[in-house]
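Let me begin by presenting the structure, written as structure tokens, before commenting on it.
Read-outs: derived from the displayed coordinates by stated rules, not from any lab. For clarity, every value in this text was computed on a predicted model and none was experimentally measured. Please note: Cβ atoms are built from the backbone with ideal geometry, for glycine as well, and neighbour counts cover all protein chains shown.
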Amino acid sequence: MVDAQIAVRPIIGLEIHVQLLTRSKMFCGCPVRFDDPPNSLVCPVCMGLPGALPVINRRAVELTILTGLAFGGTIATHTKWDRKSYYYPDLPKNYQISQFDLPLVSNGHLDVDVGHGEHRVRIRRAHLEEDAGKNVHDVGGHTLVDLNRAGTPLLEIVTEPDLRSAEEACALCTGLHRLVTYLGVSEGNMKKGQMRFEPNVNVAIEHDGVEYRTPISEIKNLNSFRAARDAIDFEIDRQVAAWHEDHSYVLGSAPNENRGFDADRGVTEFQRDKEAAQDYRYFPDPDLVPVNVSDAMLNEIRQSLPELPDARTARWVKDHSLSVEDAATVVGHRATADLFDAVISAGGPPAIVIKQFVNVWLSHAKQRGVTIGDLGIDPERMAELAQIVADGTISKTAADRVAEIMLARNRFDAGTEDASDTVTPSVARTLPTTKANNAARCPSPLALAKELRLLQVRDTAATDVWIDEVFAANEQAVQDAMTNPKKRKAAAGFLRGQVMKKSQGKADPKLVGELIDKRLTGSA
Amino acid sequence: MSRRDTQFDTAQSVAGGERSAEEIVRECFERITTTDVDLHAMLSHDADRSIALARTVDAARASGQPLGPLAGVPLAIKDNMCTTFGATTCGSKMLERFESPYSAHVVERLEDAGAIIIGKTNLDEFAMGSSTEHGAFGATRNPWNTARVSGGSSGGSAAAVAAGLVPAALGSDTGGSVRQPAAFCGVVGLKPSYGRVSRYGLVAFGSSLDQIGPLTLDVRDAALMLGVIAGHDARDSTSVNQPVPDYVAELDQPLAGVRIGISDEYFGDGLDDDMRTTVMNAIELMRDEGAKIVSINLPHMKYSVACYYVIATAEASSNLARFDGVRYGYRTATPTGVVDMYESSRGEGFGEEVKRRIMLGTYALSSGYADAYYLKALAVRTLIKRDFDNAFEHVDVIASPTTPTAAFALGENAGDPLAMYLQDIYTISANLAGVCAISLPCGHSPTNLPLGLQLMGPAFGEERLLSVAHQYQRHTDHHRKAPPSASAA
């Protein structure tokens, strides 16, 4: 039965687990690392041996507070630790140390924008807890337990059910990912499970003036943005379809459920009723003393809070007239954004600098698998390269070539190896980055342009010669540009490009454009 | 061999070269061989290791190296403290073969002081009990009368010291488990203030109540041993960072002017008449020596047993959850699946009393009941603590009997858990309040069983508490009487 009169409104909240970037575990000194041999990063505390006692990792508390401040949350001045009891082989003590009724952070918010304006999502709470280990199933008919991950600090962030679509939920996940990686609170590596999502989904269905609400499903343990979006979309459709059957799939009549997501088939599957919910028997952990967050500690952390991406974007748009889209490509990575600011401070014209960041530096960095900062070009040189493009000394195309040479000469000036291919991230990071070194090694872009004869040519006669050659070699394009209005623009653009190429980037693009236009329209 | 040397004297004789550590340790093992067959105070001991350690001490002394304050002294510790040697069983089938990869903080401290830990003593399973009948490996008998219990849960340690197997031992006290067996066996038992001694490596029963304490022949030994094991340990968040005074040096403060509180709550129904008389005589003696007796009120004391059995069992239910057969300890032979592995391993590995308490505690923490039981008990605990705070504004120590009666017969309370729980009626409140308390011999019953006087002091008031107790012992010789089993040997 298809009912034309129903209106469906999804109601979505998120629980997000973020693995904190600490050197040691939440309650012991074992290192936090991925991919080590099973059970090699363990001690009596994280193995839950008899008599072992937990000790709080202060750094994890600080990182939680930093994150809470970043999303405008209230930081508790007094908090405590609670035991959450359940039996599972990967949980060594058979209770998890968590925070029950006094989370470190409460009442924050994050804004999402999926194309129809900003929407505020309230964050109910964020608390600290320890991760469990891992069960490795079906090893010679056994399940084995690896406790390397046991005791890793986790930040659990819980939103109010303010999200209205899978798209918004996904935007919140990516926004939060950007925030925690920007703050250096987490590596946010999804493949290592450092960020995991658990959406709570139901729908309000309005039918003949009556509102029905479906039971709430909690979809467990999603470890990619895409899985979060797909699982929510599927779940919304599933719930609406289930309600359609006889309108009895509603809160109160049907139980809330835990569901898992099968990414291969794109479906959520029933795990268990929440009505038969486990009783976690929370109580304050007598092994740990309560945490009091002093004003001094709070102030210190507040002062370490960097300018956040949204504020930075707003400043760049206002002060440097950048577009939001351009800003977004640079602002998400803190070191890159810091470098951008440094290049502007060194006199780089923002409009050119942002284009060079996106089109030149970022692509070189990506080729090498590093960040722009790791390329080792100091901000003064980057500013100079943008300046000589802005004042017409060289063309944008020539700037690309100059940048390549800068990188090549900057790295290996002693004639050891060829530059670009061999730079691995680790090598790049060990290269000297002090200004003195860079000043000595990184060539001036202007000097390079001169050496490479890339200075822009504004001579009409010389330019006309290049145009003649290009027109002769591309008769079809010339024909299109002159006779076919639909193709004119593309063909003219193609011809301009060919002329720039012929001039090896030295021609003045503006002059080339004018001369070509004159010929095309003049001959018509 | 009838001589029961104190820890202090033993350490002196080693340091002074009168006796070698090896000779002392060998004697200690001879006594274990002759006496412990009847008592069963020891669960495990290692003569080879101990003698080797004794030789190291003797060699160190011979070469003029500085010796620790307990150098060459053989000690025993309750088998719920982790040691890298031997098993740490907690008196349970669950941990019968458990070997700890690390040592408890107190073990490190004692060994650093030169002590030789010769073995581990018997206890009620996971320290749950008041008679040391509830272990998986048999009961410990009272050296004064082997038909009687040794008390518990540190009955093995108390009996070992009373019988002269070792000069001193460590026990743990969650609701009276050091003091009650000390009283039953006629030795000194000290429960330090909560946070005074690190619990790292003590297998937890009730984490907010557990404290490790010495069982010794006299108060001076208790002071000596406390000085070694007390102090901050970064591995235990509840261990308090406060300086450790020289407890031995402070023992000679006079009784004159000391205010001793007595409260009706400790002398009401259920108290044996001989016990009442003996304890009142002890208090009279201290008055004669210049102490002031002050009547005090502890109005919430009467709720302490109920309060304790909610909090201690709630914590225990959580603390013992880790014994599941997954990583270590007992695992059922042929589990049919993971749930059966949990249920059968725990069902077969734990004894009746432990299971009873796990169920009590699980119930007290369950959703819908936690408010009525666990949270209510926490509120009552705060009131009890406040009673003590108020009392210690007017008095320096509080005096009471340690137990309502002398040691009862083996099996007497075995079928009646409630009667057993009431054994701790006078000791429990000190754990709830976190204050320090000591039990010391103050006389004997008509049937020649020891009776214990309990003195309680404010949190971190061990200095004064020990000095009052020591002054009492200066004027009495109850603590010098040895049980027949020790003198007969």
Ranking A:455, B:89, A:209 by how far each Cα lies towards the positive end of the charge dipole of the protein assembly as shown (+1 on Lys and Arg Cβ, -1 on Asp and Glu Cβ), the top one is A:455
Using only the Cα atoms of the protein assembly as shown, what are the Rg and Dmax in Å? 38.4, 133
What whole-number distance in Å separates the alpha-carbon centres of the stretch B:154-201 and the stretch B:4-34? 20 Å
Please give me the summed charge of the neighbours of residue A:506: other residues whose Cβ is under 11 Å from its Cβ, Lys and Arg +1, Asp and Glu -1. +3
In nm², what is the average projected area of the convex hull enclosing the Cα atoms of chain A? 34.7 nm²
Hey, could you pull the Cα Rg and Dmax for the stretch B:264-357, both in Å? 23.1, 70
Residue mean of other protein chain beta carbons inside 10 Å, B:97-109: 2
Spin-label point model (7 Å from Cα, Cβ direction): what's the residue A:39 to residue A:269 distance in nm? 2.9 nm
Calculated FRET value between residue A:318 and residue A:174, using beta carbons and R₀ = 25 Å, to 0.05: 0.55
What is the magnitude of the charge dipole of the protein assembly as shown about its Cα centre, with +1 placed on the Cβ of each Lys and Arg, -1 on the Cβ of each Asp and Glu, and no other charges, expressed in debye to the nearest 20? 2340 debye
Relative contact order, percent, chain A [alpha-carbon distance under 8 Å, six or more residues apart]: 12 percent
Amide H neighbours of residue B:117 under 5 Å, counting only residues 5+ apart in sequence or on other chains, H built in-plane at 1.01 Å? B:75
Within the stretch A:209-317, list the trypsin sites (Lys or Arg not before Pro) lying in a DSSP loop whose Cβ has at most 13 other Cβ atoms in a 10 Å radius. A:265
Counting each pair of different Cα atoms once, what's the Kirkwood radius of the stretch A:460-521 in Å, rounded to one decimal? 11.3 Å
Counting helices only, and only those DSSP H runs with n ≥ 4, report the 222 nm mean residue ellipticity of chain A as the sum of -39,500 (n - 2.57) divided by its residues, in deg cm²/dmol to the nearest 500. -12500 deg cm²/dmol
I want to check the label-to-label distance for residue B:272 and residue A:517. Put each point 7 Å from Cα in the C-beta direction and report it in nm to one decimal. 11.3 nm
When Cβ neighbours within 10 Å are restricted to other protein chains, what is their mean count per residue of peptide A:284-290? 5
Pair-distance profile P(r), taking every C-alpha pair of chain B, with 10 angstrom steps and integer %: 4, 22, 33, 27, 11, 3, 0
Sites residue A:144 and residue A:294 - FRET efficiency at Förster radius 35 Å, r taken between beta-carbons, to 0.05: 0.20
Note: the stretch A:1-58 at 4 °C, 1.567 mPa s; Kirkwood Rh on alpha carbon pairs; Stokes-Einstein D in µm²/s works out to 84 µm²/s
DSSP-defined antiparallel bridges as percent of all bridges, the protein assembly as shown, nearest 5: 80 percent
Within the stretch B:45-98, DSSP-loop trypsin sites (Lys or Arg not before Pro) with at most 15 other C-beta atoms within 10 Å are B:97
Cα lying deepest toward the dipole's positive end in the protein assembly as shown, options B:56, A:370, B:403, charges on Cβ: A:370
Under the helix-only model (-39500 (n - 2.57) for each DSSP H run of 4 or more, divided by the residues of chain B), the mean residue ellipticity at 222 nm, to 500 deg cm²/dmol, is -11500 deg cm²/dmol
Quick one: if you stick a label point 7 Å off each Cα along the C-beta vector at residue A:464 and residue A:487, how many nm between them? 2.8 nm
Could you sort the peptides A:133-140, B:367-374 by per-residue average Cβ neighbour count (10 Å cutoff), highest mean leading? B:367-374, A:133-140
